[in-house]
Every structure is written in C-alpha cells, then in structure tokens.
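A short write-up of the structure that comes next.
Computed from the coordinates by the stated procedures, all read-outs in this text should not be read as laboratory data. Remember, predicted model here, so these are calculated numbers, not experimental data. Note that we place each Cβ from the backbone using ideal geometry, even for glycine, and neighbour counts take in every protein chain shown.
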Amino acid sequence: MEGKAQASSNMYAADLSSIKAAQDRISSHAHKTPVLSSETLDSLSGRKLYSKCGAFKFRGACNAVFSLTDDEAARGVITHSSGNHAAALSLAAKLRGIPAHIVIPKNAPKCKVENVVRYGGQVIWSEATMQSREDVAAKVLKDTGAVLIHPYNDGRIIRASVLKETACSGQGTRSLELLEQIPQIDTIIVPISGGGLISGVALAPKSINPSVRVLAAEPKGADDAAQSTKAGTIITLPEAKTIADGLRASLGSFTWPAVRDLVDDIIVVEDREIIEAMRLCYGVLKVAVERSVLLRCYRRVSGIIPVGMAAIMWGL
C-alpha cells in the first residue's frame, strides 16, 4: 500500500530544502540518535521493526535559535512549555550565549523544571491553563522584546520565511537521519500532539519517496488529531486526559496541513496499552522511556501495515 501524495514545497511549514538546511545548521550541536532493533519485537508484530530513539525537541529549538539574526538573538528568546521544549530551548540559548525566558505552568513535572534551571533558563511561573501560559508569555515578551520560539506553531512573532527554518524543519532532520540509517524503510510511525514532530518527519520522506507510509499514534484521551482528520478541520478538545503528558497539546494551524495531507492513518490507543508498552520496551530493548503512546504499536502494526520494514520513532 502506497502512502499519500508527495509533499509540495509551498504548502507546509517546512520543506525538504529547509530540513536539509536545518540538518547542516544543527550538526555540530545535536547528536545522531541510534536505531534499535529486536527479534522479539519483530516476532510480536510480524514485521521487521526499527526504533528510532532519543529526544527530538532540542533539534527544533536549536535550529530556531541558530536561525535568528544577531539582532534578534541579542533580545533573547521566550517560550511557554510544561515539558521538554522548555529545557531544549534553554540549552540551545545557552549554546548561543543568549537569555531564555521560560514560562512554565505550576503543575509542570519537577524533573522538567529542574532541567530548565540546569540549562540556564529563567523560569517564570504561570497558572496551569493554556490561557495563563499565553498571557504571561505575552507580558514577558512585551517587557523584554525577546523572540517567541513556539514548539511547533507560531506565525505571529517569527516571520513566515524564518518559520520554515525553525522548529518544524529541525524536527524533520530526524527522518532524514533515519533514511540515512535505514534507507529501505517502508513505514514510519510517529507520536502526535501539537504536530511539530510528525509534520517535519513526514515532509522529508514524502518528498524523497511518496510511497513511504507515515502513521501517527495518539492517546485516546487526547485524540484531537484523529477527530480533526475525520472532520477535515482542526478539532480542539476542552481537556486532554492521558498519562502521556507530552502528548496533550492540540494541533497547530501551521502543522495541520501536513497532518491532513501527508499522514496516512492515525492509531489511537488506551492509557493501559501505553503502560504495557513501556514495560515491554524496558524488558526487551532495555531502555526507559517517557509515557509515549506509540510504543503500543509494536503489537498493533501486524494489522495496520503491509509486510515490510517499519520504523517507530519515540522520545520527546
């Protein structure tokens, strides 16, 4: 079964050329991440599976920070985030020697706040609502003049020409790297939340080989992408209820076109399946992972993808 149509360079928040430029830009800062395999997982799925592991948020943040002009960089950067993008932007800003203002909700995991501080980010607290996060970020933005680096979707502060070179392009370097490591891959399965990772990941292989299938994986308690795809327009849930805290964000307007046009199917799973998959991953691959929804796909792929080689991407 072939995947959806080839990516058009003018329709989305990134394209193959901007992803390749991002790969060059971050190569001296971001490590290549490994691809793992397991005969046990191959047997469970009835397919040859590869797991592309490691965090990805630093790629987008690093690309965004090092895309800024000197004048922009001198003003510093700002974001609002409860997770890994906050830490990633703090580290990227530290590498460039500029300040990072990080708005974090009061209910953010302690370990993630500690990472922000460790990397030199300045923590500004907000209430645990998206509206509060945005309001506090807007005030800090006004006070500091810093440049907003959204994790996946912002066309108001970063001009469109720069947006193509920032987070989405940075995340897309992951699939370019995968294609270099496993060039014969048939299917790529990616977790979906705001859409930044899967947009970038889908754009590169779809531009190179449109027959590659791209599947999204999403928790049932935060399945706005699946609902949006069925409705043909962005559906925003009033509240995301899932243990996968890194997958609670809603689709963005800049990432939605790529999700709509290039993602071949969306797999929705229950939280109990996520927990089971985490245990399986630790027991078989001997790696500890965040509560990432796509791991359950090891046992789902037999009925979803044709016989061949599939890569499952994880890490937030």
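Quick notes on this structure:
- Inter-part distance where the stretch 232-280 and the stretch 119-138 are each reduced to a Cα centre, Å: 23
- In this structure, LYS32 and ALA231 have a Cβ-Cβ separation that, at R0 = 41 Å, corresponds to a calculated FRET efficiency of about 0.60.
- Packing rank of 83-92, 262-271, where each peptide gets the mean count of other beta carbons within 10 Å, highest leading: 83-92, 262-271
- Note that the stretch 14-57, at 4 °C in a medium of 1.567 mPa s, gets a Stokes-Einstein diffusion coefficient of 101 µm²/s from its Kirkwood radius over C-alpha pairs.
- Sites GLN131 and GLU39 - FRET efficiency at Förster radius 35 Å, r taken between beta-carbons, to 0.05: 0.10
- Structural descriptor for the stretch 59-163: relative contact order 30 percent, calculated from alpha carbon pairs under 8 angstrom and at least 6 residues apart.
- Counting neighbouring beta carbons within 10 Å and listing from fewest to most, the residues CYS53, CYS111, CYS281 come out as CYS111, CYS53, CYS281.
- Spin-label pair ALA55-SER211: with each label point 7 Å from Cα along the Cα-Cβ axis, the two points sit 3.8 nm from one another.
- Projected label distance in nm at GLU239 and ASP71, using a 7 Å step from Cα toward the beta-carbon: 4.6
- With both labels modelled 7 Å from their Cα along Cα-to-Cβ, the SER253 to ASN107 distance reads 2.7 nm.
- Within the stretch 68-116, the trypsin sites (Lys or Arg not before Pro) that combine a DSSP coil assignment with at most 12 other C-beta atoms in a 10 angstrom radius are LYS106.
- Under the convention that each Lys and Arg Cβ holds +1 and each Asp and Glu Cβ holds -1, the size of the dipole of the stretch 59-163 around its Cα centre is about 240 debye.
- Peptides 213-224, 237-248, 28-39 ranked from most to least packed by the mean count of surrounding Cβ atoms within 10 Å: 213-224, 237-248, 28-39.
- Ordering of 131-138, 98-105, 201-208 by burial proxy (mean other Cβ atoms within 10 Å per residue, highest first): 201-208, 98-105, 131-138
- Rg/Rh for the stretch 59-163 (Cα atoms only, Rh after Kirkwood) is 0.93.
- Of all lysines in the structure, those lying under 20 Å Cα to Cα from LYS57, and not within fewer than 8 positions of it along the same chain, are LYS20, LYS32, LYS94, LYS110, LYS112, LYS164.
- Applying 1/(1 + (r/R0)^6) with R0 = 30 Å to the Cβ-Cβ distance of MET11 and ARG279 gives a FRET efficiency near 0.15.
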